[in-house]
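See structure below.
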Amino acid sequence: MYTFDFAYVGSRATGNGAGSYLLAGPRWQGRKPKGIKSVIRCETDLAFVLYRTQLFDPADIEKVKAIQAGYKVEPLSQFLGRPAPAAAPAIAFAKPLAPEQERNSLEAFGLLNFLLQFCPTHPSERALMARFAKIGIGPGKPFDANALVPEMRAALQQGMADGWKAFAEFKETQLDTGKKTSADGFGTRAFLKNDYMQRMSAAILGIYGNSKDEAIYPAYFLDSGKQKLEGANRYTLRFPPGQLPPVNAFWSLTMYEMPASLLYANALNRYLINSPMLPKLKRDADGGITLYIQNESPGAEREANWLPAPKGPFFAAMRLYWPKPAALTGKWKAPSIARVS
């Protein structure tokens, strides 16, 4: 629930062979059962598992379905063929807040207290939780913003505003400039070392992104001239010969409309350009590949390489799945997006 990437099962991490793995919460005290390859421990009571299955070609969709049908999740008792233990108590989940409320409503603290019930305090954060307790934050504690004295309400509101201001500055000075990347913001607790600004930015801009060994995400918020990307302009992104993203799996470049950060609906129904599309992309005279990023078609002869952009502001994200060492060490760098005059 802290959004850490705490374990991987898959081609890169464990190979392509079949196997059974046990996902266990912080309160489980059993031993690894027979037939289990390894026990994966989660530090919170609730966990989130994402499955990804690569489709190389649309014609292979039935093969992908067959692989997906082989994924199986079951309680440990069922795996062992034993009677099921008493069911866990039902959770009466709190009503989520609207996006704007998450930024400025004191109700967020009540929701935080509700969620902390399922998150045993990590040793590295005991002092932090002790500080939080002074303002009424703690696992399962009631939080009535209306009961706070005006000075406390004002202080908490200002604190929330300060946090978003700090994030905006971090994004502008660190992320937009490339000083910090997705490789810095996703990973295990040990890797992130309680860097809360990195974790905040990762959750806002790409929650549940992968650790860098699994995937990296060069993001484009600015063009090569350090100007924000706008659909009123035309842009290109060029891969020189031999400089395609170095990956063991696949790469992609996806378009997102701002401020919603959602895919942009367009006449081509094309939301990304990726490595499986390479055979259909047109090569430059020297063998390189130029992508055209703009709102209107660049012309029929270039449309195969066109990534449609909205009329207004946007950003683009490149994804390198199972990146090769050249991408991880910085030997290969993502090319910039250049504005066409």
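The values are calculated or read from the model by the stated rules, or taken from the named source; none is laboratory data. Please read these numbers as outputs of a predicted model, since none were measured by experiment. In this analysis, Cβ positions are derived from the backbone assuming ideal geometry, glycine residues included, and neighbour counts consider all displayed protein chains. Just so you know, the surface numbers come from the protein's heavy atoms only, side chains and all, with ligands and any DNA or RNA stripped out. Shrake-Rupley method; radii C 1.70, N 1.55, O 1.52, S 1.80 Å.
Determine, yes or no, whether Thr290 is surrounded by 12 or more Cβ atoms within 10 Å (Cβ to Cβ) and either in contact (Cβ under 8 Å) with a residue 24 or more places away in the chain or farther than 16 Å from Phe221 by Cα (or both).
Numbers: surrounded by 12 or more Cβ atoms within 10 Å (Cβ to Cβ): yes; either in contact (Cβ under 8 Å) with a residue 24 or more places away in the chain or farther than 16 Å from Phe221 by Cα (or both): yes.
So Thr290 passes the test.
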Among the numbered conditions (1) buried (at least 16 other Cβ atoms within 10 Å of the Cβ); (2) closer than 19 Å to Glu257 by Cα; (3) in contact (Cβ under 8 Å) with a residue 40 or more places away in the chain, tell me where Ser201 comes up short. (3)
Quick check on the range 42-61. Is at least one of its residues farther than 27 Å from Ile204 by Cα, open to solvent by less than 50 Å² (accessible area, probe 1.4 Å) and either out of contact with any Phe, Trp or Tyr (no Cβ under 7 Å at 6 or more places or on another chain) or part of a helix (DSSP H, G or I) (or both)? yes
Consider Ser297 against the criteria (1) surrounded by 13 or more Cβ atoms within 10 Å (Cβ to Cβ); (2) within 30 Å of Ser11 (Cβ to Cβ): it satisfies all of them except one. Which criterion is unmet? (2)
State whether one or more residues within the range 295-308 are in contact (Cβ under 8 Å) with a residue 40 or more places away in the chain, part of a strand (DSSP E or B) and among the polar types (S, T, N, Q). no
If you scan the range 273-285, which residues turn out to be touching a strand residue (DSSP E or B) at 6+ places or on another chain (Cβ under 6 Å) and closer than 12 Å to Trp306 by Cβ? Ile273, Leu281
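Would you check if Thr173 is among the hydroxyl-bearing types (Ser, Thr, Tyr), out of contact with any Gly (no Cβ under 9 Å at 6 or more places or on another chain) and open to solvent by less than 60 Å² (accessible area, probe 1.4 Å)? Step through it out loud before you land on a result.
Details: among the hydroxyl-bearing types (Ser, Thr, Tyr): yes; out of contact with any Gly (no Cβ under 9 Å at 6 or more places or on another chain): yes; open to solvent by less than 60 Å² (accessible area, probe 1.4 Å): yes.
So Thr173 passes the test.
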